[in-house]
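Participant: Following this message is one structure expressed as structure tokens.
No lab work stands behind these numbers, since they all come straight from the coordinates. Given the structure is predicted, the values throughout are model-derived calculations rather than measurements. Neighbour counts are summed over all protein chains in view; Cβ atoms, including those assigned to glycine, are modelled from backbone coordinates with ideal geometry.
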Amino acid sequence: MEATGSNNYDIMSLLNFIRKASKLNVNLFFGIAFFLLLSTNLILSYLFSFGTSNSNVNYIEHFGKVITLLVVVLWAPVFETILYQVLIIHLTKAFVSKIRYSFFISIFISSMAFGLSHPYSLPYIFAASIAGLIFATTYYISLYRKQSAFLLVFLLHALNNFLGLLIFLHK
């Protein structure tokens with residue numbers, strides 16, 4: 001009996017957090033999401049060596065830096081935001097009517113699908129799942145705010161990929 005009460009309290013705390021986050025200025029909200037994404041990437045890259053994939057090097061050599069930049073910074077964030085945030089979250093919300101359940105289920109499915117779609121290594125899947133968690137949560141909260149959820153997540157994702165590509169090209 002106590003566990004159920006405790007779980008309801010945890011869920012309500014999270015929903016209260018979402019309501020408070022939904023009242024933040026959009027620039028501050030974006031900044032917090034980007035800070036979480038950047039700090040998570042830094043911590044995980046410090047803990048794990050993601051290495052350099054030969055397929056990534058071959059791709060850049062074959063298509064060139066401009067095409068790689070367009071694909072990594074524009075096309076991939078558009079496609080992945082549509083697939084992993086828009087479709088998954090809206091489908092989950094359509095099938096799960098209670099907001100407290102649809103939030104958890106859609107965020108979980110979205111972040112796991114996003115992570116598993118980046119199978120370069122186990123640490124990379126883990127890091128991508130964390131990024132997917134941040135993207136999905138940002139999308140869900142932005143929907144709640146009635147703001148352009150797609151645009152916010154796309155910009156967050158594109159900026160993350162741009163910085164990652166710069167670091168990769170600098171090595």
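Participant: Enumerate the whole-percent occupancy of each 10 Å bin, from 0 to the last occupied one, for all C-alpha pair distances of segment 97-171.
Facilitator: 19, 44, 28, 7, 1
Participant: What percent do you get for the relative contact order of segment 34-171 when only Cα pairs under 8 Å and 6+ apart count?
Facilitator: Relative contact order here is 29 percent.
Participant: How would VAL96, VAL73 line up from fewest to most surrounding beta-carbon atoms within 10 angstrom?
Facilitator: So the residues, fewest neighbours to most, are VAL96, VAL73.
Participant: Let me ask something additional. Of the trypsin sites (Lys or Arg not before Pro) in segment 62-110, which ones lie in a loop per DSSP and count no more than 13 other C-beta atoms within 10 Å?
Facilitator: Sites meeting the loop and neighbour criteria: LYS98.
Participant: Compute the Rg/Rh shape ratio of segment 32-171: radius of gyration over Kirkwood radius, all on alpha-carbon atoms.
Facilitator: 0.99
Participant: From the phi angles alone, apply the Karplus equation (6.51, -1.76, 1.60; θ = phi - 60°) to segment 126-143 and give each ³J(HN,Hα) in whole Hz, x where the residue is Gly or Pro.
Facilitator: 3J(HN,Hα) across segment 126-143, in whole Hz: 4, 4, 5, 5, 5, 4, x, 4, 5, 4, 5, 5, 4, 4, 4, 5, 5, 4.
Participant: Listing HIS170, HIS90 from the residue with the fewest other Cβ atoms within 10 Å to the one with the most, what is the order?
Facilitator: HIS170, HIS90
Participant: Next question, about the same structure. Which lysines, on any chain, are close to LYS146 with Cα under 19 Å apart, when same-chain ones fewer than 8 places away are left out?
Facilitator: LYS146 reaches LYS20, LYS23, LYS93, LYS98.
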